[in-house]
């Protein structure tokens, strides 16, 4: 009964936010008198990307429209924002949308999520959900002096070989790499059976470890890869998302994801017991996810938004030498 009331409350707040947003020329506008419910803003952004724009294939007009939308949201929040264009084939281009938030230190954390999708479905889970949480974190933290400066990046063309994150990481100067204490990746947060956070082995796994400590303190249902597959040791994951190019540069990573490491081939690709993969299929829509898993999207967005914002507010890297 308690969970049902919580879902109803979330829906009411989301409905109010939607009405406020639709009354403005700007697709998303938040009224300052509205109480913040973790995940509600993320849900609205996710919904806009998937349904007002649609599938966002790398290099397509829809992908470009999504980039402009995200840029507009960062600017509305009040962050210094730029578009970083790049080519990923002889006749196709994409872009990264980059926003900067100054913190107490010149050292920085990169927080990223890709906004492109495949053609099947609408890319709700993969990865409008990650972009939604990214934008909500930027909104919530805009007036908070965080321990480190934050670079929020919406990556383009992830689905065709991590092109956006590779382009950004490969164009970082030695000075930029040195002052970057970590990269947090948000990918496919909405539908998987379990919510996870991953990181490097050893002391470079401090982002994961601090996230798990926050989850424990706040009673968030987040765990890490249990290490059932020896190819992917406990607490880590594979190099198949936008954290990988930064890891290759020696930058520690954290990675938020919803999937299931205890089924199939035990490598986190099969997200759900009932349906296996939802990402990259026609089922990656709100209609399917909310019918089959009522309340899951709201719970996941709320949990991941709470975890990410707390992590960025209280990040402490004093125990390492980078």
Legend entry - Principal semi-axes in Å for the chain [√(5λ), Cα gyration tensor, largest first]: 25, 23, 21
Legend entry - Part-to-part distance (alpha-carbon centres) for segment 260-322 and segment 123-189, which is given in Å: 16
Inset, instruction - Just check segment 71-123 against the gyration tensor rule for me: Cα atoms, a ≥ b ≥ c as the square roots of the eigenvalues, rounded for a/c under 1.5, and otherwise prolate or oblate depending on whether a/b exceeds b/c. - result: prolate
Inset, instruction - Determine the shape class of segment 229-287: with a ≥ b ≥ c the square roots of the Cα gyration tensor eigenvalues, call it rounded for a/c under 1.5, and otherwise prolate if a/b is greater than b/c, oblate otherwise. - result: oblate
Inset, instruction - Before anything else, pin down the relative contact order of the chain: Cα pairs under 8 Å, at least 6 apart, normalised by residue count, whole percent. - result: 20
Inset, instruction - Starting with the highest mean, order 55-61, 173-179, 82-88 by the number of other Cβ atoms within 10 Å, averaged over the residues of each peptide. - result: 55-61, 82-88, 173-179
Legend entry - Computed [θ] at 222 nm, deg cm²/dmol, the chain (DSSP H ≥ 4; -39,500 (n - 2.57); rounded to nearest 500): -11000 deg cm²/dmol
Inset, instruction - Starting from the Cα gyration tensor of segment 178-306, multiply each eigenvalue by 5, take the square root, and state the resulting semi-axes largest first in whole Å. - result: 25, 16, 14
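Rule-based calculations on the coordinates, nothing more; no lab input. All of these numbers come straight from a predicted model, not from anything done at the bench. Neighbour counts are summed over all protein chains in view; Cβ atoms, including those assigned to glycine, are modelled from backbone coordinates with ideal geometry.
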